[in-house]
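This report refers to the structure that appears directly beneath it.
No value in this document is a laboratory result; all are computed from the given coordinates. These numbers were taken from a predicted model, which means no experiment stands behind them. Counting neighbours? That spans all protein chains shown, and the Cβs are built from the backbone with ideal geometry, glycine included.
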Amino acid sequence: MSKVVLFGVDLHGHVNPTLGLVSKLIERGEEVVYYCSDSFREKIEQVGASFRSYRGLLGFSTHKGSGIDTFLVFADFLMDRSRTLTSALYDEVAQLNPDYVIHDAFGLWGKEIAARLDIPGIAFFANFPFIDEMADRDPEFFMEYVLRAQGDPLYERNRGRHDIYRKLLDRLSGMIALRYRLPPMNVINDVFCSKQPLNLVFTSREFQIHEDAFDDTHLFVGYALYPRREPVDFPYELLDGRPLVYIAFGTILNELNDAYETCFSALGDSRYQVVMSIGQTDLAPMRVSIPANFIVRSYVPQLDILSRADVFITHGGANSIYESLCSGVPMVVLPQVFDEYMGALMVERAGTGIYMREEKVGAEELREAVDRVASLPEYKESCAKVSDSFERTGGLDRAVDEILKFAKQKVYDDAY
C-alpha cells in the first residue's frame, strides 16, 4: 500500500470529479490524504479519505472584471496562494511521507511540494482543459474563448494576426515572472495547468475541442457519476410529472438576479415544471415574483434532479456539463466566466445543447431554445453518444492503473 496526498481546490465542480477517483484508489489499497477547505470535509471523508484542512488559506473566488484583466488577476491569485500554501504545508506534508502527489491543475502548490519532496506528481483537469498548445491550432479561439480578450487594446489593434496570442501571452507571462521574481515562464502551462509528466483529463478526446493538441502525457479518462450523499431537504413530492427543466448557474457567482428574472419570464406559467438552484443569491430585490410552476431552493441535489430532468439550463461549468451528459440531459448554456465559454462551445459542437451567445439573453430567445432542446430527440441522442465516449476511455479503472504504474515507475527510475 502506498500513500498519496491529493491537493484539491475548494469548488464543488473541482472536488466532485475526484470523489470516484479517490474511492477507486482506496479500493486498490492506497491510503489517500486529501487537502481541501473545511466545508468539503464531510464530502471527502464519506469516500474514505483522510481529510486535511487548508486552514482558510485558499478561498477561490471570482474577480469581477473582464478579459485580460480577469485573466491576469486570477494568475496572480494562483501564484500568491501557491507560495502561501507551499510555505504553510510543506513540513506537514513531509511528515506524512507520501509516495506521490496528485493535484488539481489549478493547484500549483501541489506541484511545488511534490518537486521539493522529490516524489512523483500527477495533475488532473477538473475544469475544461486549456493548454498553450491549443493556441497553435487556433489562436483566435484561444484569445476569444479562453483569454476573453475582446476589448483589450493590444488584441483589438492586432486582431487577425497569427502571432497576437504569443505576444499577449509573453506580456502576461513576463508580468507574472517579474512580480514573483521567477525565470521566464509560460503562464498557461506553468500556472493555470501546472502540467506534470502524467495529467488526467476528465473527458474524452471525442468531446474535447482541439484534442490533437494534447500529447500522450494527457490521459483522457472520461467522466463517471459518483453518487453523493447530500443531506438536502428537497420537496420531491411536488414533482408532478410535467416536463422538467432544471436551472443552476454554479456555486461561485451569486449576483445573477437578471438571469433568474429572465428564466422566470421565459418559463413562468409554461408547460414545464422548473427546479431552480440559486445558491446564496438574494431574490428580494427582484422585480418579478416566483412563478407557481417553479421550485426554488438555495441548494438542490443535482444528480437526483438531473435523473428526472428533460432540459438543463446551465452556466456551463465542467462539472455541470459532464453530469448532464452522463445523465442524458441536453442543455441550454448561458456561460458567465472563462472556461464556461469553451464548455458552451463544446456542447454546441457535440450537438448536446444550445449555446446562447448573446451577452443578455431575452426571455423569448430562452424559451425558444428550451422548446427546441426539449422537442428534438437528436440532442438527447448526442448526449448518449458523448457519454458512451466517456465509457470507452476505460474510465477510473484505467486512471488508477496508470497512476499506480506511473508512481511505481518514477520511483524505480529515480532509484536507478
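Brief remarks on what is shown
- Neighbour counting of Cβ atoms within 10 Å sorts the residues 175, 356, 346, fewest neighbours leading, into 175, 356, 346.
- Rounded to the nearest 500, the helix-only mean residue ellipticity at 222 nm of the chain stands at -13500 deg cm²/dmol, with each DSSP H run of n ≥ 4 adding -39,500 (n - 2.57).
- 331, 342 arranged by Cβ crowding within 10 Å, fewest neighbours leading: 342, 331
- The residues neighbouring residue 194, those whose beta-carbon lies less than 10 Å from its own, together hold a net charge of -1 under the Lys/Arg +1, Asp/Glu -1 convention.
- Environment charge at residue 395 (Cβ cut-off 13 Å; Lys +1, Arg +1, Asp -1, Glu -1): -2
- The long axis of helix 12-27 is offset from the longest Cα principal axis of the chain by roughly 60 degrees.
- Cα-Cα P(r), the chain, percent of pairs per 20 Å interval: 26, 58, 16, 0
- Whole-Hz Karplus values for region 210-216 come out as 6, 5, 5, 7, 9, 7, 6 Hz, taken residue by residue from phi with 6.51 cos²θ - 1.76 cosθ + 1.60 and θ = phi - 60°; glycine and proline positions read x.
- Summarising the amide proton neighbourhood of residue 332: residues at separation of 5 or more, or on other chains, whose placed amide H is nearer than 5 Å comprise 312, 313, 314, 354.
- 3J(HN,Hα) along region 121-137, derived from phi through the Karplus expression 6.51 cos²θ - 1.76 cosθ + 1.60 where θ = phi - 60°, amounts to x, 10, 9, 9, 9, 8, 8, 5, x, 10, 10, 4, 5, 4, 5, 5, 7 Hz, with x in place of Gly and Pro.
- Fewest-first ranking of 31, 359, using other Cβ atoms within 10 Å as the exposure measure: 359, 31
- From phi via Karplus (6.51, -1.76, 1.60), per-residue ³J(HN,Hα) for region 29-46 in Hz, x at Gly/Pro: x, 7, 9, 10, 10, 10, 8, 6, 7, 4, 5, 9, 3, 4, 4, 6, 5, 4
- Take the convex hull of the alpha carbons in region 236-390; its mean projected area over all directions comes to 8.4 nm².
- Contact order, relative form, for the chain: 16 percent (alpha carbon pairs under 8 Å, 6 or more residues apart, mean separation divided by residue count).
- For the chain, the longest site-free run once trypsin sites (Lys or Arg not before Pro) in DSSP loop states with at most 14 other Cβ atoms within 10 Å are removed: 65-158
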